[in-house]
Amino acid sequence: MNRIVSFLFLMVSGLCLVAQTGSIRGFVYDKTTGEPIAYGNVILKGTTTGTTTDINGYFVFSKVKAGTQVIKVSFIGYETAEHTVEVEKGKVASIKVELKPSSTELAIVEVSGKREAVRLESNVSVEKITSKDIQQMPSIGGQADLAQYIQVLPGVVFSGDQGGQLYIRGGSAIQNRVLLDGMVVYNPFHSIGLFSVFETDIIRNADVYTGGFDARYGGVLSSVLDITTKDGNKKNTSGKISLSTFGAGLLLEGPIIKNNEKRRYSLSYILNAKNSYLSQISTSIYSYMDKELPYDFLDIYGKLTLATDNGSKVNFFGLNFTDKVNRYEAIADFNWRNTAFGANFLLLPGSGSSLVEGVVAYSDYTMKMSETSSANEQMSNIGGFNIGMAVTNFFGENRLKYGLNMLGNTTKTSFSASDTITDYSTEFAAYAVFRGVAGRFVYEPSFRASYYASVASLIPEPRLSLKLNVSDNFRLKAAGGIYSQVFMDTKSDRDIVNLFTGYLTVSPDLNIVTSYKGEAISSYVQKSDHLIFGMEYDVLKNLSLNFELYYKTMSRTASANKDRMYSDDKEHNDKPEYLRKEYIVEDGKAYGGDLSLKYDDGRLYIWAIYSLGKVTKTNEVQTYAPHYDRRHNINLLVNYQFGMDRSFELSFRWNYGSGFPYTPTASMMEQLDFSGGINTDYINQNGTLTTIYGDLNSHRLPDYHRFDISAKKRFEIGKRSILEINLSVTNVYNRNNLFYYNRITSERVDQLPIMPSLGLNFTF
């Protein structure tokens, strides 16, 4: 009886407590631009309750004692602000906080936003990148770039100047997904490998998930790059003009309609364009080159933001990216184009602390390549739409996010004028992600159900990430899950380098095997399982250590048939499918570890990363290492700011990678044409020289390493105007890294030589 009474008392007390509390929600913005501040510290003054702003600058406090409360907000580089708010019982108080950039040098705040986010999030295999992070890289060609930063991340293998391909923890390039403001973007890296299509100054945040990501993301086996762009300056017109020996760029942003006391909304814009002119001036600047660098690109991006006073907003955006490589070393002409447009929104219902988000977008990507040795032009196109909507509910430090996704695509790939493969795919998905905090324990179960209409398959994808905050300085973490996708590429693992990537949808409509190792293939959906364990240790106030082990399996991944010996016709029906079909399925596994050590005291930034990995694939014939299997990868990044106002900046990066696998040439033979039967003149006939390959990827290319350095000086030439001079050197010690090797002529072509560059950036 006593137990029952006690239970009822506790329940009634809890209800009374809830009835005596309210909630606080709000946004934190930069006072000079109106841009949301992500990962800012928000503390309920006089308590130990704290949180951080999300990517939209949003924060929520639930179950706050009714009465007068003070919110304290801080972020590195800004003056701390306090905001008084009246909390009413059972109601939600909405506030807007603007932080003023500090005019004086600030010490690092007690707990940075990122550090607090680490405590509250599982943060397994993810790097959260800001434009400030990117600018700590050596500014190649005078321009810091997202592509250069991603290359140093743990678990990332970069192909160098071989087309800018990224291979993440054993996954191929087709197994990565890039999102720009929720819109799917294909191939966001230029062929030179040094630049992405995204201007650094338009990026608010970029989340790079190298594995174990939650159920929000689907249709991809390996990794996700989720980029959020800025909304544009809501207060003043501003911009940036960039000139360098590599190219030029222009950024403009500002208000079209300003927010004021009578007008509770604003309309702002951001417009960016950048262009490379290397092909026109390379031989003039770099006189030691006997041939011009044939790289040309033009990137255009624009965005309009309609925002209300309460934080709700809708964005409209569009882009056009182009890339051209003209007869590089007489190998090939290569060009691609990416056109996309869309809209997304963020809504705050008036009566609660929930967020409603959505996106609708269309993206079209086309690449073409013609080799000097062939008259055929290869072409690949992938285009389609993606639609999504999600709701996030907050419960104190806990939250629940659930939503729907739809992705529809058409793929077209041709290897000659008369050989075009066209296919269609549609993916429907529903997901839910719960983030719970129980003392020192953070848990994040999530579930996704994906239906692929092209192959009529429903795939359940449970996922889970965990973190234990053992102490304020030491954390253990783990993640795992099931992932799926239907896209494949046409690259062959026998190619030492291949700029062309043909996009295909895996389905029975392809000339693909119907069985694998004696068992009929019931579904052509490709699957991957992730398992990750790791730890984080704050060794000192400014020194942190991160270590992760991963194991990944891949099943029924489709690929071009390297071992095809016969045509798939009636004459060869007695031969095994894996010897006559154009495409086969394979299993694979990848495992390894990533170790990173990071030091940051505000002036000196050091990041050292070592990645150890191994990738294998298995088919009907053999087990082998794919062409991107790099065993060892080392990155060292250093940035130092000096001078009274930190106007001088020196940075460098050194990268080492062990050699990629390749298939050696066993011998060459002359193939004669006997179509004339017994009348064939085989004595005087000039046959075709044919390569006889050795064992698949049984040899290794030479090791890759490169050292880049840059120096910057900033001059304040007005209240809002800054001139920055940048001197950089790419490949300082002129390492000859292999780009291409002609098996027939034995001609070797190397990647970029030493390339000094000068850049000027004028910000106004």
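Computed from the coordinates by the stated procedures, all read-outs in this text should not be read as laboratory data. Given the structure is predicted, the values throughout are model-derived calculations rather than measurements. Virtual Cβ from ideal backbone geometry, glycine too; neighbours counted across all protein chains shown.
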Among THR48, TYR58, SER23, the residue whose Cα sits farthest towards the positive end of the charge dipole of the range 18-113 (+1 at Cβ of Lys and Arg, -1 at Cβ of Asp and Glu, taken about the Cα centre) is SER23
Fewest to most neighbouring Cβ within 10 Å: what's the order for THR557, THR339?
THR339, THR557
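Compute the FRET efficiency between ILE692 and GLU519 as 1/(1 + (r/R0)^6), taking r as their Cβ-Cβ distance and R0 = 30 Å, and round to the nearest 0.05.
Working: r = 33 Å, r/R0 = 1.09.
The formula returns an efficiency of 0.35 here.
Quote to one decimal, in nm, the extra length available between THR130 and MET389 on full extension: 0.36 nm per residue of separation minus the C-alpha distance between them. Working shown, then result.
Numbers: separation 259, 0.36 × 259 = 93.24 nm, distance 2.50 nm.
Result: 90.7 nm gained on full extension.
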Once you put a point 7 Å from the Cα of LEU604 and another 7 Å from the Cα of ARG646, both along the Cβ direction, what distance in nm separates them?
1.6 nm
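With both partners inside the range 18-113, how many of the DSSP beta bridges are antiparallel, as a percent to the nearest 5? All intermediate terms of the calculation are to be shown ahead of the outcome.
Working: 22 of 30 bridges.
Antiparallel: roughly 75 percent of the beta bridges in the range 18-113.
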Run the simple label-point estimate for ASN398 and LEU758 please: 7 Å along Cα→C-beta, distance reported in nm.
6.2 nm
Quick check: the angle from helix 2-19's long axis to the longest principal axis of the chain, C-alpha only, nearest 10 degrees?
90 degrees
In nm, to one decimal, how far is the modelled label at ASN511 from the one at SER667, with both set 7 Å along Cα→Cβ?
2.9 nm
Normalised by the residues of the range 18-113, what does the relative contact order come to in percent, with Cα pairs under 8 Å and at least six apart?
36 percent
Assign unit charges at the C-beta atoms only (+1 for Lys and Arg, -1 for Asp and Glu), then state the dipole size of the chain relative to its Cα centre in Debye, rounded to the nearest 20.
2900 debye
Matching label, P(r) over Cα pairs in 20 Å bins from 0, in percent computed from the structure shown, candidates (i) 14, 41, 25, 14, 5, 0; (ii) 12, 25, 14, 9, 9, 9, 9, 7, 4, 1, 0; (iii) 15, 49, 29, 7, 1, 0
(iii)
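Which GluC sites (Glu not before Pro) from the range 579-635 combine a DSSP loop assignment with at most 16 other Cβ atoms within 10 Å?
Details: sites: GLU582, GLU586, GLU620; in loops: GLU582, GLU620.
Taking the range 579-635 and a limit of 16 other Cβ atoms within 10 Å, the loop GluC sites (Glu not before Pro) found are GLU582.
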Considering Cα pairs under 8 angstrom that are at least six residues apart, work out the relative contact order of the chain and quote it in whole percent.
10 percent
Taking a point 7 angstrom from the Cα of GLU582 along the C-beta vector, which residues in the range 398-418 have backbone N less than 19 Å away?
410-418
